[in-house]
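Step one of this worksheet: look at the structure below.
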Amino acid sequence: MRLTVNNIFFSLLLSVGSAAGRTWAAEPMRPVTSAWTIEAGQVLRANTYLSPLRYNGWRAGIGLERWQAMRFNPRDWVMRLTVGANLDHTLSPARNSVMWGLDFRASWAMMWRNRIDALPGVTLGFGPEADLDLGVLYLPRNGNNPAQAEVAATCGLTAYATYVLRAGKLPILLRWQPSVPLIGAFFCPDYGELYYEIALGNRSGLVHCAWPGSYRRFKSLLTADLRFGATALRIGYRADVISSRAGGITDRVEAHSVTIGISGEWLMLNPRRQLSAETETISAFY
């Protein structure tokens, strides 16, 4: 009787293991689409905490973008993660004063996508997005208040449209992605308030609600990925317009940049996993 029970027990273990193995092998593969880019363009900065003047100049930046189909429903949902940094060098209208800007940005979005049957090659998607921006403006000519910190954390909506076409034998992926924040928080001191006063304990009223009435932003990214084999050349255009008002201070940013970089798809495989011929690969784009 003991031998029979053991045989049944081990048979059940083998059956469960085989079923798990079949499920594991049938799980779709989700390659990661990544792009490393550099950017250069023009920027306008206006911050009345530092100066009533509008400063114009150049912007340079770097960025990383990562796309992947979601595990829970890879056919219908995708995620997008971006991180980057910008350096701004702007001059006053008289060209006799320099204002520097440095900021770091990160965003994460999860989007529902739908391939349009009536338009082959077209995919549309939309969903929520969370943004985090950390930066600083520095105006050396200001003795008491030479710098202004810029911090914002927001949640909003993003959407995208892609179209796959061919120029001869060259596959090209065109994409447009706009984003707008709807709610969040941002840092802003009162007009004339010194950071020395904040350090001494005057910290009330520094964090403000970010909503379309106090914090407006529009991000737009247009790219074209030219696939030369396993990797692609990415060229594109980025626009970023920000306008906020709180504590008697108005802050405005208008940036337009050309972006260029390299993108490609990477697939991470487990050496202990045996892939079957039925395993499906679901790309974030294609």
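A few remarks follow.
- Yes/no for F104 being within 30 Å of E193 (Cα to Cα) and without any contact (Cβ under 8 Å) to a residue 40 or more places away in the chain: yes
- Selection from segment 129-146 of residues that are modelled with pLDDT under 95 and either among the basic types (K, R) or exposed (fewer than 15 other Cβ atoms within 10 Å of the Cβ) (or both): P140, R141, G143, N144, P146
- Counted residues, segment 218-251 - those being among the acidic types (D, E) and touching a Pro at 6+ places or on another chain (Cβ under 9 Å): 1
- Listed by position, the strands (runs of 3 or more DSSP E) enclosed by segment 124-241 that each have at least 3 residues that are in the same structural domain as S107 (by TED's automatic domain parsing) and under 24 Å from I62 (Cα atoms) are 147-167, 170-187, 215-228.
- Out of A210, A185, A159, sole residue that is at pLDDT 95 or above, under 23 Å from the mean Cα position of the chain (by Cα) and closer than 30 Å to I262 by Cβ: A159
- Of all residues in segment 57-77, those satisfying the criterion of being surrounded by fewer than 16 Cβ atoms within 10 Å (Cβ to Cβ) and over 30 Å from N114 (Cβ atoms) are W58, A60, I62.
- Failed criterion for E39 (all others in (1) over 24 Å from A232 (Cα atoms); (2) part of a strand (DSSP E or B); (3) charged (D, E, K, R); (4) touching a residue at least 40 places away in the same chain (Cβ under 8 Å) hold): (1)
- E197 surrounded by fewer than 15 Cβ atoms within 10 Å (Cβ to Cβ) and either touching a Phe, Trp or Tyr at 6+ places or on another chain (Cβ under 7 Å) or closer than 14 Å to Y49 by Cβ (or both): yes
- For segment 78-128, a residue qualifies if it is surrounded by 19 or more Cβ atoms within 10 Å (Cβ to Cβ), among the hydrophobic types (A, V, I, L, M, F, W, C) and closer than 30 Å to L139 by Cβ, and exactly one does: M99.
- Residues that are assigned to a strand (DSSP E or B) and of a type in the set (D, E, K, R) within segment 71-108 comprise R80, D88, D103, R105, listed in sequence order.
The values are calculated or read from the model by the stated rules, or taken from the named source; none is laboratory data. Since we're looking at a predicted model, the values are computed, not measured. Positions of Cβ are backbone-derived with ideal geometry, glycine not excepted, and every protein chain shown enters the neighbour counts.
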